[in-house]
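Only one structure is covered here, and it is reproduced in the block below.
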Amino acid sequence: MQDTTNNYDRSGRIDTKIQQRLQQLLTDLQLDDAPAGGSLIVYQAGKCIAQASVGMAQPDILWQPETLSLNFSTGKGILATLVHVLVSQKLLNYDTPIANYWPKFASNDKADITLRSLMSHQANLFSINSIDADSETLLDWDSMLAKVAAMPITLPEDATRYDSAYSALVYGWILGGVIEAVTDMTLAEALRHYLTEPLGITSSCYFGVPSDKADKVAILVKDFKTLKQDHSVERPQLRSRRNKPVLKPDSKNTLRTYANLSIYKCWKQHAIKLQTTKEYSNDESIDELSILDTAQINRLYLNTSQLNLKNYKAALIPANKQPIEYYNRQTLQAVIPAANGVASAKALATIYAMLANGGKWQGQTLIDEATFEQLSTPQVTGMDAVMPAHMHWRLGYHRLFSVCANTEAGFGHMGYNGSVAWCDPTRQLSFAFVHNFDVTMLNDVRQFALTEAVLDLINTD
């Protein structure tokens with residue numbers, strides 16, 4: 001492994017150059033969405049080398065690396081990491097049928113499904129649409145455990161075309177049920193005991209936010225006015241997530257910002273190259289003079305022209321089509337591990353810093369070498385039936401998305417809103433970005449721009 005310690009001194013102080021570059025980039029990527037913002041943090045070899053924040057998390061509250069944020073599926077990486085700790089503790093085995101730990105799970109031909117197949121999204125347990133549950137039931141932990149234990153296997157549409165089918169919601173209840181079965185603890189207790197307490201992040205990482213923390217979670221800017229007008233002690237009932245992010249055309253300022261990024265030349269080269277392949281399509285021709293917009297850049301990472309809408313809806317939209325109002329207090333306090341993980345950028349980066357160091361953290365071994373080898377090895381490399389990309393699923397993580405750097409060993413997890421956390425063990429590097437921009441992973445480029453910038457800034461020579 002190459003020496004990467006030249007980016008910080010041995011006291012672990014911030015690298016000024018990297019810090020300033022990332023702060024400027026994050027500020028630039030606020031684009032036209034102020035006062036919304038977010039935070040990022042970077043660790044290398046177990047030390048924080050950079051952190052940056054911009055914008056407001058709530059009215060009159062600035063974003064900080066410690067700010068609690070709703071990160072949607074980025075929390076899946078936390079849940080997977082907890083499972084790996086339990087595997088290292090010999091409480092779980094990747095190739096033992098889940099039903100051996102949780103007998104009720106065997107119903108509807110699921111007796112042979114293993115953690116390995118579930119965590120690499122090869123178990124065909126992706127369809128939330130196959131479960132009869134209204135929005136109130138989705139917030140009821142025990143009811144949902146019973147329903148996923150009884151659910152059927154569902155093949156995705158055009159199943160022969162795909163190697164995996166991303167379990168966007170179901171996954172969390174199944175893993176949570178297994179964790180509770182083998183630890184004889186609630187999921188919250190197990191998370192604290194086996195992962196967040198050893199890492200020193202117990203107050204900033206949750207599945208089910210404690211009542212005294214719910215008011216501290218960042219909200220969307222469109223809800224700032226509601227929060228300021230409501231003077232109750234408890235968090236008010238904020239606007240429903242049925243109001244999807246508004247898809248607006250890129251302004252001249254946004255296009256100019258993209259064109260001025262150091263990574264833009266790489267993006268342009270890949271866009272020109274990929275428009276001639278079957279995996280990339282665009283209505284407009286891209287040449288040296290054209291300016292890439294948000295959709296064209298995003299498509300370099302998640303090719304929406306390859307999206308199977310039927311499979312995507314089956315994975316994300318409940319049968320009754322009632323949306324989950326994720327930012328409301330009741331939902332934040334519920335346990336929906338695949339979707340409502342709440343954590344700070346610092347907490348996420350700490351978890352992945354431990355993974356970047358092969359499972360070790362400050363003299364502790366949370367994940368042994370044999371377990372780490374398994375969790376970090378790609379299980380599938382083909383196209384996913386739900387996500388429009390080759391996800392290269394490991395055990396609970398997808399590949400580190402980059403088109404401009406060699407990230408073969410990297411892995412992590414992004415969220416529906418474009419938050420992300422990842423590590424690259426070859427660089428001993430970890431990164432987390434969380435925010436309150438009203439966007440989705442399919443119509444935003446911030447996570448990709450920041451990831452590429454970090455990889456470009458870290459000198460591994």
Residues that are in contact with a strand residue (DSSP E or B) (Cβ under 9 Å, 6 or more places away or on another chain): which helices (runs of 4 or more DSSP H) entirely in region 68-144 hold 3 or more of them?
75-88
Of a type in the set (A, V, I, L, M, F, W, C) and either buried (at least 24 other Cβ atoms within 10 Å of the Cβ) or at pLDDT below 95 (or both): does that describe F437?
no
Starting from region 91-113, take each residue that is on the phi < 0 side of the Ramachandran plot and list its partners that are assigned to a loop (DSSP other than H, G, I, E, B) and at pLDDT 95 or above, counting only C-beta distances under 6 angstrom and pairs at least six apart or across chains.
P97/D112; I98/I113; A99/A111; I113/A123
The one condition G418 fails out of (1) under 14 Å from the mean Cα position of the chain (by Cα); (2) in contact (Cβ under 8 Å) with a residue 60 or more places away in the chain is (2)
Checking A150, A133, A159 in turn, the sole residue that is buried (at least 16 other Cβ atoms within 10 Å of the Cβ) and either within 24 Å of Y101 (Cβ to Cβ) or out of contact with any Phe, Trp or Tyr (no Cβ under 9 Å at 6 or more places or on another chain) (or both) turns out to be A133
All but one of (1) surrounded by fewer than 24 Cβ atoms within 10 Å (Cβ to Cβ); (2) not in a strand (DSSP E or B) hold for Q51; state the number of the condition that does not hold.
(2)
Is there any pair with a first residue in region 358-374 that is within 11 Å of L395 (Cβ to Cβ) and a second that is at pLDDT 95 or above and among the aromatic types (F, W, Y) whose Cβ atoms are under 8 Å apart and which are 6 or more apart or on different chains, and what are they?
Q374/Y94
So, of the residues in region 171-185 that are under 16 Å from A99 (Cβ atoms) and β-branched (V, I, T), which turns out to be surrounded by the most Cβ atoms within 10 Å (Cβ to Cβ)?
I174
Please determine, by comparing only the residues of region 216-231 that are among the β-branched types (V, I, T) and part of a helix (DSSP H, G or I), which one is surrounded by the fewest Cβ atoms within 10 Å (Cβ to Cβ).
T226
Test set (1) within 30 Å of A315 (Cβ to Cβ); (2) at pLDDT 95 or above - K222 fails condition number:
(2)
Could you pull out the residue among V85, V54 that is more than 18 Å from S344 (Cβ to Cβ), modelled with pLDDT of 95 or more and not polar (S, T, N, Q)?
V85
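Could you please find all residues in region 171-191 being in contact with a helix residue (DSSP H, G or I) (Cβ under 8 Å, 6 or more places away or on another chain), in a loop (DSSP other than H, G, I, E, B) and not aliphatic (A, V, I, L, M)?
The answer is T186, and nothing else.
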From the set of residues in region 206-228 that are among the aliphatic types (A, V, I, L, M) and in contact with a Ser or Thr (Cβ under 9 Å, 6 or more places away or on another chain), which is nearest to G176 (Cα to Cα)?
V217
Scan region 192-215 for residues that are in a loop (DSSP other than H, G, I, E, B), touching a residue at least 12 places away in the same chain (Cβ under 8 Å) and farther than 16 Å from R329 by Cα and jot them down.
G200, I201, S204
Any chance L79 is farther than 23 Å from M414 by Cα, touching a residue at least 24 places away in the same chain (Cβ under 8 Å), crowded, with 19+ Cβ neighbours inside 10 Å and touching a Leu at 6+ places or on another chain (Cβ under 6 Å)
no
Picked from region 364-409 (must be small (G, A, S) and part of a loop (DSSP other than H, G, I, E, B)), the residue nearest to L155 (Cα to Cα) is A385
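Quick grid of which residues meet (1) touching a residue at least 40 places away in the same chain (Cβ under 8 Å); (2) in a helix (DSSP H, G or I); (3) surrounded by fewer than 24 Cβ atoms within 10 Å (Cβ to Cβ); (4) not aliphatic (A, V, I, L, M):
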position	(1), (2), (3), (4)
Y312	yes, yes, yes, yes
Q322	yes, no, yes, yes
Y327	yes, no, yes, yes
P337	yes, no, no, yes
Check on A405, of a type in the set (A, V, I, L, M, F, W, C), within 22 Å of A80 (Cβ to Cβ), touching an Asp or Glu at 6+ places or on another chain (Cβ under 9 Å) and surrounded by fewer than 21 Cβ atoms within 10 Å (Cβ to Cβ):
no
Being closer than 16 Å to K213 by Cβ, at pLDDT 95 or above and assigned to a helix (DSSP H, G or I) narrows it down to one of A353, A347, so name that one.
A347
Could you please find all residues in region 87-100 being surrounded by 17 or more Cβ atoms within 10 Å (Cβ to Cβ) and under 27 Å from the mean Cα position of the chain (by Cα)?
V87, S88, L91, L92, Y94, P97, I98
The conditions are (1) without any contact (Cβ under 8 Å) to a residue 60 or more places away in the chain; (2) closer than 30 Å to E369 by Cβ; (3) of a type in the set (G, A, S), and S53 fails exactly one of them. Which is it?
(2)
Step by step: first the residues of region 410-429, then only those that are in a strand (DSSP E or B) and aromatic (F, W, Y), then the one that is nearest to T377 (Cα to Cα). Which residue is that?
F411
Among the numbered criteria (1) crowded, with 22+ Cβ neighbours inside 10 Å; (2) closer than 21 Å to I153 by Cα; (3) within 19 Å of the chain's Cα centre (by Cα); (4) not hydrophobic (A, V, I, L, M, F, W, C), which single criterion is violated by G341?
(2)
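The values are calculated or read from the model by the stated rules, or taken from the named source; none is laboratory data. Quantities reported herein were computed from a predicted structural model and do not represent experimental measurements. Neighbour counts run over all protein chains shown; Cβ positions are idealised from the backbone, glycine included.
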